[in-house]
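Accompanying notes for the structure given below.
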Amino acid sequence: MTTPRENPCVSVNQLGQYLTGTPSLRKRIIQAQKNPVDPQYLRYPAAAQAITEYLCEGRDEVILRYHQRRLLNAQPESDFDAHRLALCAEALHRCLATMEELAVHAIASPADQDPAPLEVAGVAIKVKPEVLLRGVDARGHMRSGVLKLYFSKHTPLDERAGEYIATVLQRFAEERLEQRGPVDPRLVGVFDVFAGRLFVAPRAQQRRLNDVALACEEIAGRWDRN
């Protein structure tokens, strides 16, 4: 059993859902962020690791197929573990079917697994992109970006939620990656694995950033009431 979090925080993927969700969903998101599940009950770390390896080590589909077989052949230790293994294998199957969406023309490398969160309006936004991207523009100048993975079999991202997440990802990249080269919005995005959709950072961002700040103010104000 995990200890409730004292200070307001939210993952960037859940923030995207919060910004487009119903009042009841927003309440559930705050409750879930305040009372996180034990890490052993997270469903998709193995799939995220496999997709990261695929992107960073040559983008050979053999990598995904190897991990898919490994997950399917693993001996589960519990009913939950069996469900988790099946979901991860299915996520890799979906990724294999939609690899064209991940054809980002950039060099990929694994991101820091525990970067400091973005602080917005009293809320710590846990961004944690899986992949750092580096590319070269038409003038030969280095450009940087990040890729975040989103896993939900039954709650796909819609356009608005995907663009909100990508906007926060760009702000994160601008604060943390400028030394690697200016951030290119075309190299910043969130990939919905089960839906097979890549949402890149929109060019018009100020209104979305204002919405993010207002949502964080709301989360901070409701934190102790949930």
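Observations
- Annotation: amide H of Val136 within the under-5 Å range of Arg143, sequence separation 5 or more or interchain, hydrogens built in the peptide plane.
- DSSP loop GluC sites (Glu not before Pro) with at most 16 other Cβ within 10 Å: longest gap in the chain: 78-226
- Note on the chain: with a GNM built from Cα contacts shorter than 10 Å, the maximum mean-square fluctuation among Thr20, Thr167, Thr52 falls on Thr20.
- Placing dummy labels 7 Å off each Cα toward the beta-carbon, the span from Glu53 to Ala74 is 1.1 nm.
- Built amide H within the under 5 Å cut-off of Ala124, gap 5+: Cys9, Val10
- Residues with amide H under 5 Å from that of Arg197, placed H, sequence gap 5 or more: Asp192
- Heavy atoms of Met142 accessible to a 1.4 Å probe, total area in Å² rounded to 10: 80
- Couplings 3J(HN,Hα) for segment 61-70, derived from phi with the Karplus relation 6.51 cos²θ - 1.76 cosθ + 1.60 (θ = phi - 60°), are 4, 4, 4, 5, 5, 4, 5, 4, 5, 4 Hz, where x marks Gly and Pro.
- Scalar couplings 3J(HN,Hα) for segment 33-41, obtained by applying the Karplus form with A = 6.51, B = -1.76, C = 1.60 to θ = phi - 60°, are 6, 6, 10, x, 6, 4, x, 5, 9 Hz; x denotes Gly and Pro.
- What a 1.4 Å probe finds exposed on the chain is 49% carbon and sulfur by accessible area, rounded to a whole percent.
- Comparing Val12, Val136, Val212 in a Gaussian network model of the chain (Cα springs below 10 Å), the most mobile by mean-square fluctuation is Val136.
- Stokes-Einstein D for segment 43-101, Kirkwood Rh over Cα pairs, 10 °C, 1.306 mPa s (µm²/s): 139
- Secondary structure note: in the chain, about 65% of the DSSP beta bridges are antiparallel.
- Dimensionless Rg over Rh [the chain; C-alpha; Kirkwood]: 0.97
- When the chain is treated as a Gaussian network with alpha carbon springs shorter than 10 Å, the biggest mean-square fluctuation among Phe172, Phe80, Phe199 belongs to Phe80.
- Shape call, segment 1-134: gyration tensor on alpha carbons, a/c limit 1.5: oblate
- Sites Arg65 and Lys153, calculated FRET efficiency, Cβ-Cβ separation with R0 22 Å, nearest 0.05: 0.60
- For segment 7-12, 3J(HN,Hα) per residue [Karplus equation, 6.51 cos²θ - 1.76 cosθ + 1.60, θ = phi - 60°, Hz, x = Gly/Pro]: 9, x, 8, 7, 6, 5
- Computed extension gain for His141 through Asn210, at 0.36 nm per residue and net of the alpha carbon distance, reaches 21.8 nm.
The values are calculated or read from the model by the stated rules, or taken from the named source; none is laboratory data. Every value quoted in this text rests on a predicted model; they were computed, and no experiment measured them. Methodologically, a virtual Cβ is constructed for each residue, glycine included, from the backbone with ideal geometry; neighbour enumeration extends over all protein chains shown. The area values use the complete protein model at the heavy-atom level, side chains included, leaving out ligands, DNA and RNA. Shrake-Rupley method; radii C 1.70, N 1.55, O 1.52, S 1.80 Å.
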